[in-house]
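Participant: Here it is, the structure in full.
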Amino acid sequence: MPAFKRLQMAGFLDNFRWPECECFDLGERRNTLASVVAGVLFFTGWWIMIDAAVAYTSTEMHHAFHTCGVFSTIAFFMINAVSNGQVRGDAYGEGCLGRTGARIWLFIGFMMMFGSLIASIWILFGAYVVPEVGVAPGLAVFFQNALIFFGTLIYKFGRTEDLWA
């Protein structure tokens, strides 16, 4: 793309604003709603996995497949243990590594979360879809990690820190 076209398109969406919906205003309930939705997703993910563990024998669903959910849960706590202010450096100046340590901690948490989600997809296809056995236990592993993943994102980015002050 020529340089002059790139300069013309640089401010293409600068003045674009989404229309504001006046039908409901979350206001002070935003943190509560995000926490409840994230908790329901987290609970549903574990409930699906516990149901699959009870319904299927150890030959149909290996006990090692629970590892993805455990690492997703650890990543959930790691990601949400660091506030956005700590990552930006607004509310965190001291400690072991300061802002850099908070960013490293968050990065490791997201790596664990994405790794667990990818591993659950690998388990689904490698152990259940390709061998053409019943896919329900594999779907349980995948949906557990997907629901924990979305619950983590909602809990991390759905809340606002402005209401904490």
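Please treat every number below as a calculation from the coordinates, not as lab data. For clarity, every value in this text was computed on a predicted model and none was experimentally measured. A quick note on method: Cβ atoms are made from the backbone with ideal geometry, for glycine too, and the neighbour counts reach across all protein chains shown.
Participant: Report the calculated FRET efficiency for N84 and I118 (r = Cβ-Cβ distance, R0 = 22 Å), to the nearest 0.05. Show your work: numbers first, answer last.
Facilitator: Values: r = 25 Å, r/R0 = 1.16.
Efficiency at R0 = 22 Å is approximately 0.30.
Participant: Between F43 and Y56, with labels modelled 7 Å along Cα→Cβ, what's the label distance in nm to one decimal, could you check?
Facilitator: Each label point is offset 7 Å from its Cα along the Cβ direction, giving 2.5 nm.
Participant: Let me ask something additional. What's the percent breakdown of Cα-Cα distances in the stretch 109-165 across 5 Å bins, shortest bin first?
Facilitator: Histogram of Cα-Cα distances, whole percents per bin: 4, 19, 21, 17, 13, 10, 7, 4, 3, 2, 1.
Participant: Translational D (Stokes-Einstein, µm²/s) of the stretch 28-164 at 25 °C and 0.890 mPa s when Rh comes from the Kirkwood sum over C-alpha pairs?
Facilitator: 153
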